[in-house]
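Input: a single structure, listed below in structure tokens.
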Amino acid sequence: MNEYRDYIEPGRRVELIVRTTNSTIRFYCAFDRFEENSIFVGKPQNKHVQFNFPLGQMLDLYAYTRGGVFRLRCRLKSYNGEKCELSLPISVDKIQRREYIRVKMKIDTIIKLSPFAGTKIVRTKSKDISAKGIRLLLDEDISKYAKVELTLIFSEETINTLAKVIKSKPIEINSVKYYDTSLEFISISDKEINFIVKKCFEFESAQRRKMLENEI
């Protein structure tokens, strides 16, 4: 139950999700500290909505950490305009270890291959992505190159990392030969890993909402 305390560190960015009768609202803030009976976080921020809820309001705190994604179900105890005090969690869920989170999200990707006559640059889109690596459909087997560098272009952030080829499998699509290629990130930071985990969960949630809307 208390495993989350080993991973949620001061300054870590967390999300507060408030569900009302009419909507679900997401706020971002920084984790501050644990006390004996409370959790403190910084000022919750949302570009469109002010954090203004009654004491006792139930909310979910999501923390994306190196140990996985934790969801803490808490009550609002106080808010002074700068810091929120939350109750210790009524329940804790470890949603998924980050190494298993993989979604079919298309991300603009630039591949830099060396050594070559100069450097070879390949521009493509991902087939799927996780916090550990990416899968691509390429025109050639890139496992022959000594050095592979990736640039992943998200709308909010660009991530650069060295990569290792895990798989390069020839496949045929419409009589054209391609290589189904899986790459592992090998120089990515914890901050960047947490960002990718967050984007994967957001994508997955959006896909679920679309499925539910189509069923109505």
Worksheet entry | Rounded D (µm²/s) - segment 1-99, Kirkwood Rh over Cα pairs, Stokes-Einstein at 37 °C, 0.692 mPa s | 242 µm²/s
Discussion item. Counting heavy atoms of the protein chains only and a 1.4 Å probe, report the per residue accessible area for the chain as a whole number of Å².
Written reply: 58 Å²
Response to the item:
P(r) over all Cα-Cα pairs of the chain, 10 Å bins from 0 to the longest distance, whole percent per bin, short to long, reads 7, 29, 28, 20, 12, 5, 0
Item to complete: Using a 1.4 angstrom probe on heavy atoms only, work out the carbon and sulfur share of the accessible area of the chain in %.
Response: 47 percent
Practice prompt. Pull up the DSSP beta bridges for the chain and report the antiparallel fraction as a percent, rounded to 5.
Written response: 100 percent
Fill in: Among 166-178, 70-82, the order from most to least packed when residues are scored by Cβ within 10 Å on average
70-82, 166-178
Discussion item. Counting only Cα atoms, I'd like the Rg/Rh figure for segment 101-142, Kirkwood definition for Rh.
Written reply: 1.03
Worksheet item: Taking R0 as 41 Å, what's the FRET efficiency between Lys47 and Ile121 from their Cβ-Cβ distance, rounded to 0.05?
Response: 0.70
Practice prompt. Note down the relative contact order for the chain as a percent, whole number, built from C-alpha pairs under 8 angstrom at least six residues apart.
Written response: 13 percent
Worksheet item: Under the rule of -39500 (n - 2.57) per DSSP H run of 4 or more residues, summed and divided by the residues of the chain, what mean residue ellipticity at 222 nm is obtained, to the nearest 500 deg cm²/dmol?
Response: -4500 deg cm²/dmol
Practice prompt. Tell me the Kirkwood hydrodynamic radius of segment 85-172 in angstroms, computed as one over the mean inverse distance between distinct C-alpha pairs.
Written response: 15.2 Å
Practice prompt. Mind checking which lysines have their Cα closer than 23 Å to the Cα of Lys43? Skip sequence neighbours fewer than 8 apart in that chain.
Written response: Lys77, Lys83, Lys191, Lys198, Lys199
Worksheet entry | Centroid-to-centroid separation of segment 50-89 and segment 1-49 [C-alpha atoms, Å] | 4 Å
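The values are calculated or read from the model by the stated rules, or taken from the named source; none is laboratory data. All of these numbers come straight from a predicted model, not from anything done at the bench. Here the Cβ is made from the backbone with ideal geometry for all residues, glycine too, and neighbour counts use every protein chain on show. SASA here: full protein model, heavy atoms, side chains in, ligands and nucleic acids out. Shrake-Rupley method; radii C 1.70, N 1.55, O 1.52, S 1.80 Å.
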